[in-house]
Amino acid sequence: MGASLALRDHFHARGLSAPPRFLDIYESDLPSRLQGVLCVPGPASQPMTIAWAESIIETSRWPPHRNLVPFLAVDEKSFACVVVSDADGPKLPGHGSVVRWHLDTQRDDLQAAVLDFDALLYAESVAEELEARDAGLYRMLDEVGPAYELQYLEADKRPRDFVIRPVRIACQNVIVGLAAFAHEPSIDGMSVLAWQTCEVPHVATHEANRALAALMLCDAFASGGTMEIRFDRPANLTAHGITAKSGERVDVDVTYRGHPEGGRVPAGLRRYGRSVGVFLGMDDIHAISPREARDLFLAVTPMPADLGARVHEAYRRGVASPERLCFVLLSQIWREPELDFMLAVSDRTGSILRGGADWRCRGQRQAESEIARAALMIGMLYRRLDTKDGAGDTSSPARVLEDNRVGVTWQILPDVAAIRFFGVRAGPVPWQPPLSNGRAAIEGAATITVLPRAILDSTTLHMASELAREGLVAVVTPSDSDSDPDEANRAGVLLLRCPDRLGELDQAIERKLLSARISRA
């Protein structure tokens, strides 16, 4: 009670109103459970006090926000801060929410990312997570990991779906996520035996939970179950032998009684779900129901706004299930601009996502091949425009390929089956064939409208020339197309040749269709 009164006085002195749920943290057992990470009232001269955290933020690259009070250390370079009065800007969420405040981030868009919408729930979830962390790490690093290495990696065997499989996510040699799961035939769903994530300074907020959830949901979809994910199922793990790589003896014979956090949906995953508006474990605290899994799948799949709207409309009309639409994006069977284009311009997209029409239906196969070729060329061109490859840059001693995206965005023009790229960097447009008059390659504009076609016919040329009144327009065709670049140039249209020939495009499409057919058991 004394801590709560001290906090009220602290906020009152700054003209702020403290959320009641935030004060409840200090009237519970959470200060003892979160000792060492929770900031308590006290002078700035003592570590792990609110005044001490505020003094650190004041001397950092980012000055403190008036409406934020730090109360819990997220990592060594960021604090969890509660919004203690009505937000005075569009970036901050409402009263009582929790955001992450970085001390030295270089990107403004990553500052004040939402951690949770309730301070008390956030503190409780962190306490649950930390209390089970040692048991979870031991399970992953000393039992599941060595057993899997001995039984499958060294034997060069691929495990079946019902085998406990470890998953590890790392960024810049820092492990941010560990999990172990298996398909459970008795429930026709997935059983998760371990789930460990953490926040680190160089990784975006909640990204470890988002990425690990995406892998888990993709595995659940590929396993062919109901998409129910349980955390309380028992499982046996047995492995005995000596690993060839390290020479260490593995003796594992253990029965698990579910996830270390009491068999409940992991606190970190529930916290991430709340931050994106998906409340997990509501039907059953020990499981993610198929309904919740569908909402979570949509939340973890990155999609631009226009594509998200088309995906929503597609599953509303029964074109494909949300799970399949998310899976093809996360597995990159079809990439974002490719799927966006197909959903916008064709009614055959549902069949394409399921693996294509039967080979005996020649007309349907031809129609699907035409739209798939166009989408594939669009995807290839987008990746070419969105990549900063320093291969020819003599000013740099090394060629850097990490985080080399330009940031090109797109908009589909369904009426003309075209795509418009925005934010294209300066320089010659790629894939230009040589012109007979020896003219130099045409410099690109920031906005380019592209019509993907198998051949440049008179109808396409007329359509492109009409669009050219609004800016630079290009028609992209396969490399073995006999389209005349000079004819396009005279009409004010740029002809681009995709590096792949028509047959090579069809081979790539068949691989994608096969992946779509066998993606779900």
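Beta carbons closer than 7 Å, at least 6 apart along the sequence or on distinct chains, pair a first residue in region 378-396 that is within 16 Å of Thr477 (Cα to Cα) and modelled with pLDDT of 85 or more with a second that is assigned to a loop (DSSP other than H, G, I, E, B) and open to solvent by 70 Å² or more (accessible area, probe 1.4 Å) for Gly379/Arg335.
Quick grid of which residues meet (1) surrounded by 19 or more Cβ atoms within 10 Å (Cβ to Cβ); (2) modelled with pLDDT of 90 or more; (3) not charged (D, E, K, R):
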position: Ile448; (1), (2), (3): yes, yes, yes
position: Pro452; (1), (2), (3): yes, yes, yes
position: Arg490; (1), (2), (3): no, no, no
position: Leu496; (1), (2), (3): yes, yes, yes
position: Asp500; (1), (2), (3): no, yes, no
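Within region 358-370, is there a residue that is touching a helix residue (DSSP H, G or I) at 6+ places or on another chain (Cβ under 6 Å) and crowded, with 22+ Cβ neighbours inside 10 Å? Let's see the steps before the verdict.
Residues of region 358-370 touching a helix residue (DSSP H, G or I) at 6+ places or on another chain (Cβ under 6 Å): 368.
Going one step further and asking which of them are crowded, with 22+ Cβ neighbours inside 10 Å, we end up with none.
The answer is no; no qualifying residue exists.
Checking the structure you have, find out if any residue of region 136-158 is within 22 Å of Val74 (Cβ to Cβ), in contact (Cβ under 8 Å) with a residue 24 or more places away in the chain, surrounded by fewer than 18 Cβ atoms within 10 Å (Cβ to Cβ) and of a type outside the set (Gly, Ala, Ser). The answer is yes; a qualifying residue exists.
Could you please find all residues in region 172-198 being open to solvent by 20 Å² or more (accessible area, probe 1.4 Å) and either among the aliphatic types (A, V, I, L, M) or modelled with pLDDT of 90 or more (or both)? Can you show your working first?
Going residue by residue through region 172-198, those that are open to solvent by 20 Å² or more (accessible area, probe 1.4 Å) are 172-175, 183-188, 198.
Val174, Ile175, His183, Glu184, Pro185, Ser186, Ile187, Asp188, Cys198, listed by residue number.
Residue check: Arg365 meets all listed conditions (1) of a type in the set (Lys, Arg); (2) under 18 Å from Arg511 (Cα atoms); (3) at pLDDT 95 or above but one, namely (3).
Scoring Ser17 on the criteria (1) within 39 Å of the chain's Cα centre (by Cα); (2) outside any helix (DSSP H, G or I); (3) farther than 21 Å from His65 by Cβ; (4) not aromatic (Phe, Trp, Tyr) leaves a single failure, condition (3). Of everything in region 24-50 that is in contact (Cβ under 8 Å) with a residue 40 or more places away in the chain and part of a helix (DSSP H, G or I), the residue that is surrounded by the most Cβ atoms within 10 Å (Cβ to Cβ) is Ile25.
Every condition in (1) over 30 Å from Ile285 (Cβ atoms); (2) in contact (Cβ under 8 Å) with a residue 60 or more places away in the chain; (3) in a loop (DSSP other than H, G, I, E, B) is met by Phe11 except one, and the failing one is (3).
Look at Arg230 and say whether it is at pLDDT 95 or above, under 31 Å from the mean Cα position of the chain (by Cα), closer than 17 Å to Val192 by Cα and open to solvent by 10 Å² or more (accessible area, probe 1.4 Å).
So Arg230 fits the description; yes.
Tally the residues that are touching a residue at least 40 places away in the same chain (Cβ under 8 Å), open to solvent by 10 Å² or more (accessible area, probe 1.4 Å) and not aliphatic (A, V, I, L, M), restricting the search to region 105-121. Counting residues in region 105-121 that are touching a residue at least 40 places away in the same chain (Cβ under 8 Å), open to solvent by 10 Å² or more (accessible area, probe 1.4 Å) and not aliphatic (A, V, I, L, M) gives 3.
Per-residue answers, yes or no, for (1) assigned to a helix (DSSP H, G or I); (2) of a type in the set (D, E, K, R); (3) in contact (Cβ under 8 Å) with a residue 40 or more places away in the chain:
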| site | (1), (2), (3) |
| --- | --- |
| Gly318 | no, no, no |
| Glu323 | yes, yes, yes |
| Gln332 | no, no, no |
| Leu339 | yes, no, no |
| Ala344 | yes, no, yes |
| Gly355 | no, no, yes |
| Trp359 | no, no, no |
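Can you find a residue that is within 20 Å of Cys198 (Cβ to Cβ), open to solvent by less than 30 Å² (accessible area, probe 1.4 Å) and not polar (S, T, N, Q) anywhere in region 2-23? No, every residue in region 2-23 fails to be within 20 Å of Cys198 (Cβ to Cβ), open to solvent by less than 30 Å² (accessible area, probe 1.4 Å) and not polar (S, T, N, Q).
The residues of region 258-297 that are open to solvent by 40 Å² or more (accessible area, probe 1.4 Å) and of a type in the set (A, V, I, L, M), listed by number, are Val276, Met282, Ile285. Going by what's in this entry, would Glu58 be described as surrounded by fewer than 16 Cβ atoms within 10 Å (Cβ to Cβ), of a type outside the set (Ser, Thr, Tyr), out of contact with any Ser or Thr (no Cβ under 9 Å at 6 or more places or on another chain) and touching a residue at least 40 places away in the same chain (Cβ under 8 Å)? No, not satisfied. Annotation note: of Ala516, Ala521, the sole residue that is within 24 Å of Ile333 (Cβ to Cβ), aliphatic (A, V, I, L, M) and loosely packed, with under 12 Cβ neighbours inside 10 Å is Ala521. Pairs linking a residue in region 461-489 that is without any contact (Cβ under 8 Å) to a residue 24 or more places away in the chain and under 13 Å from Gln432 (Cα atoms) to a residue that is open to solvent by 20 Å² or more (accessible area, probe 1.4 Å) and of a type in the set (D, E, K, R), with Cβ atoms under 9 Å and 6 or more positions apart or on different chains, are Ser479/Arg497; Ser479/Asp500; Ser479/Arg501; Ser479/Glu504.
The values are calculated or read from the model by the stated rules, or taken from the named source; none is laboratory data. Worth saying up front: this structure is predicted, and the values here are computed from it rather than measured. Quick reminder, even Gly has a Cβ in these numbers, built from the backbone with ideal geometry, and neighbours come from all protein chains shown. Remember, those area values only see protein heavy atoms, side chains included, never the ligands or the DNA or RNA. Shrake-Rupley method; radii C 1.70, N 1.55, O 1.52, S 1.80 Å.
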